[in-house]
Amino acid sequence: MKVIVADSINQKGIDNLKEVAEVVVDTDITPEELLSTISEYEAIIVRSRTKVTREVIEKADKLKIIARAGVGVDNVDIEAATEKGIMVVNAPESTSITVAEHTMGMMLTAARKIAIADKSVKEDKWEKSRFMGVELRNKTLGVVGMGRIGSQVVNRCKAFEMDVIVYDPYLPKEVAKQMGIDLADLETVLKVSDFITIHVPLTPETKHLISKKELEIMKDDAFVVNCARGGIIDEDALYDALSNDKIGGAALDVYEEEPPKGSKLLSLDNLVATPHIAASTKEAQRDAAIIVANEVIEVLKG
Ligand code: NAD
């Protein structure tokens, strides 16, 4: 049996695969080369570079499984794969801790003005009074979306002695009770929280979930963090709220357009910005490779 690894993944995943199959690692493969060779393979592993299009899938006569070593599967034509009976798998759980830790970093960076303080010291300044911060302890954390990542953020924020309130209409009340968390509607969460963190997928329902009206409901010193998907927060409304001190600050890892070239948000001191790196750790990449390699092995073994 033959497996093609078309984008670079952690070596541990490749080693595991080699125990059951011939593994071809070709991380520079072009779309044309993939099209002409895909019929040789039972499995393909990709990250985000390689596009597994309908055209590729139609030529993939032996293919049993398409594995994405990561979270989204935007680069795989799932409809075409399903029509051909090819399984598509990913590893959404591989990044949960990594994204939760980044979220903590974003909260602390915003609360303690770490990024702008760092910039100031490197400019040879010593502006101690400019960087008065706030503690996380005894503050209320509002979580929007209590899934894999949201619940890991909650665990960490409890260790920081924060109170937690959650908006997630799909989380059953009994599950919330078992987790020891309070559920509330979005308006209440926005009204009472000092830190609001977003962990929902981007869907028609969550597009601009946080817009002008929601930002107006928030406390004047509240912080909002988005390490989920661009588009959940309306960036024009966020710019107005931040530049008029309607909220205390924001921290974004994701943007409506990436990169957010020319975005007026980037001129603001009360915005912390990272370039969609919340999931980027060695551990998350290793785990993604191991998880999808195991899935491929299961399928190849039948
Ligand atoms: P998940 O599916 O485990 O959890 C999502 C939660 O959101 C679920 O509990 C669901 O009930 C809830 N939800 C869905 N629609 C909702 C709505 N309209 N209002 C409130 N809650 C709603 O997902 P996850 O693994 O925790 O990931 C969360 C998000 O983080 C995903 O959108 C994912 O794309 C994003 N993410 C970003 C990065 C990054 O690099 N920045 C990396 C990984 C994941």
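Read the figures in this text as sums done on the coordinates, not as results from a lab. A quick note: this is a predicted structure, and the numbers were derived from the prediction, not measured. Neighbour counts run over all protein chains shown; Cβ positions are idealised from the backbone, glycine included.
Points to keep in mind about this one:
- Ellipsoid semi-axes in whole angstrom, largest first, where each is sqrt(5λ) of the Cα gyration tensor of the chain: 40, 21, 18
- Near Ile29: Cβ cut-off under 15 Å, other residues only, Lys/Arg at +1 and Asp/Glu at -1. The net charge is -2.
- Dipole magnitude for segment 122-218: computed about the Cα centre from +1 point charges on Lys and Arg Cβ and -1 point charges on Asp and Glu Cβ, it is near 240 debye.
- Neighbour-count ranking [beta-carbon atoms within 10 angstrom, fewest first] of Ile149, Ile210: Ile210, Ile149
- Which of Thr98, Ser129, Thr109, positive extreme of dipole for segment 43-154 (C-beta unit charges): Ser129
- Proximal lysines relative to Lys122, as straight alpha-carbon distance under 26 Å, when same-chain residues fewer than 8 apart are discounted: Lys113, Lys261, Lys264
- Convex hull volume of segment 144-268 per residue (C-alpha atoms, cubic angstrom): 102 Å³
- CD proxy at 222 nm, helix term only [per DSSP H run n ≥ 4: -39500 (n - 2.57); per residue of the chain; nearest 500]: -11000 deg cm²/dmol
- For segment 226-302, radius of gyration divided by Kirkwood radius, i.e. Rg to Rh on alpha-carbons: 1.23
- Rounded to the nearest 20, the size of the Cβ-charge dipole of the chain about its Cα centre is 700 debye, with Lys and Arg at +1 and Asp and Glu at -1.
- Between segment 239-302 and segment 169-200, the Cα center-to-center distance that results, in Å: 22 Å
- For the pair Met132 and Asp163, label points projected 7 Å from Cα toward Cβ lie 2.4 nm apart.
- Measuring max minus min along each principal axis, the C-alpha atoms of segment 52-94 give extents of 30, 16, 13 Å (largest first).
- Net charge in the neighbourhood of Pro260 (other residues with Cβ under 15 Å of its Cβ; Lys, Arg +1, Asp, Glu -1) is -4.
- Other residues within the sphere of radius under 11 Å centred on the Cβ of Ser8, judged by their own Cβ, net out at -1 (K and R +1, D and E -1).
- Residue range of the chain that is longest and free of chymotrypsin sites (Phe, Trp or Tyr not before Pro) which are both DSSP loop and sparsely packed (at most 10 other C-beta within 10 Å): 171-302
- Cα-projected label distance for Thr30 with His276, points at 7 Å along beta-carbon direction, nm: 2.5 nm
- Distance in nm between pseudo-label sites at Asp269 and Lys122 (7 Å out along the Cβ direction from Cα): 1.8 nm
- The trypsin sites (Lys or Arg not before Pro) of segment 23-61 that meet both conditions, a loop assignment by DSSP and at most 14 other Cβ atoms within 10 Å of the site Cβ, are Arg49.
- The alpha-carbon atoms of segment 101-174, seen along their principal axes, cover 54, 21, 18 angstrom, with the largest extent given first.
- Exposed-site-free run, longest, the chain (rule: GluC sites (Glu not before Pro); DSSP loop; at most 13 other C-beta within 10 Å): 20-122
- 24 Å Cα-Cα reach of Lys173 towards lysines, excluding residues that sit fewer than 8 places from it in its own chain: Lys139, Lys158, Lys191
- Using bins of 10 Å that start at zero, the share of Cα-Cα pairs per bin across segment 11-128 amounts to 12, 32, 22, 13, 13, 8, 1, in whole %.
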